Amino acid sequence: MPKRTSSSSAVAHLILVRPMRNRRLQACLALVICALSALATAANAAAPGSATLAYQDRLNDIVIHLLAPRLASRFDLLRGAGTLKLIYRVRANGDVESVKIISRANQFVTDTCVHTIKSAKLPPIPKSVIKEQGREWVDVHTDISLDR
C-alpha cells in the first residue's frame, strides 16, 4: 500500500504543478501580445481613415499575432531586448518583398521578427489601396519595443 500512496501523490503533484506552468506561459503570452499590440504601429504617411492605413494596421495585427507565440517561447530573452524598428514591403499578392531594419533589438528578437514577417502569409493589397497609393506595393513601418 505505501507504494501506491506515494505514486498517487506524485501524480497529484504533477497535476497541480502543470496548470501553474500553463498559467505562467499564458501570462507571458498575454504580456507579449499586449506589448506588441501597444507598440507595433503603422507609423506611415497614410491619412487617418484611409484604406492604406487600414490595410497597414491589418498587416501589423497579423504580424503581431504570428510573433507573440514565437517570442513568448523564449520569454527569458525578451527582458531588455530593446526596440526593433523596421519597414517591410508587401507586394500586391500579399508576399513580403523585403524587410529593412532601421534599428535592432537583441539578436533573438530581430531574427525572429524578420523571419516571421518574411514567411508570413499576408492578404493581398485591396484595389482601393492600390488606387490610393498609385503603385502595387505598400511599405509598412513597425516599431516593436520590449523594454517595459
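The values are calculated or read from the model by the stated rules, or taken from the named source; none is laboratory data. Not measured: the values here are computed from a predicted model. We place every Cβ from the backbone using ideal geometry, glycine too, and count neighbours over all the protein chains shown.
Take VAL140 and tell me if it is out of contact with any Pro (no Cβ under 7 Å at 6 or more places or on another chain), of a type in the set (A, V, I, L, M, F, W, C) and at pLDDT 95 or above.
Details: out of contact with any Pro (no Cβ under 7 Å at 6 or more places or on another chain): yes; of a type in the set (A, V, I, L, M, F, W, C): yes; at pLDDT 95 or above: no.
Taking the combined requirement at face value, the residue does not satisfy it.
Looking across region 111-123, the residues that are surrounded by 15 or more Cβ atoms within 10 Å (Cβ to Cβ) and not small (Gly, Ala, Ser) come down to THR112, CYS113, VAL114, THR116, ILE117, LEU122.
Does ASP61 satisfy the criteria of being of a type in the set (Asp, Glu) and either surrounded by 15 or more Cβ atoms within 10 Å (Cβ to Cβ) or modelled with pLDDT of 75 or more (or both)?
Working: of a type in the set (Asp, Glu): yes; either surrounded by 15 or more Cβ atoms within 10 Å (Cβ to Cβ) or modelled with pLDDT of 75 or more (or both): yes.
For ASP61, the condition - of a type in the set (Asp, Glu) and either surrounded by 15 or more Cβ atoms within 10 Å (Cβ to Cβ) or modelled with pLDDT of 75 or more (or both) - is met.
Going by the conditions given, is ILE101 surrounded by 15 or more Cβ atoms within 10 Å (Cβ to Cβ) and aliphatic (A, V, I, L, M)? So ILE101 fails the test. The requirement of being assigned to a strand (DSSP E or B), surrounded by 13 or more Cβ atoms within 10 Å (Cβ to Cβ) and modelled with pLDDT of 90 or more is satisfied by VAL90.
So that you can scan it fast, the table gives a plain yes or no per residue for (1) part of a strand (DSSP E or B); (2) farther than 15 Å from ASP143 by Cβ:
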residue: PRO69; (1), (2): no, yes
residue: LEU84; (1), (2): yes, no
residue: LYS100; (1), (2): yes, no
residue: PHE108; (1), (2): no, yes
residue: THR112; (1), (2): no, yes
residue: ILE117; (1), (2): no, no
residue: LEU122; (1), (2): no, yes
residue: ILE125; (1), (2): no, yes
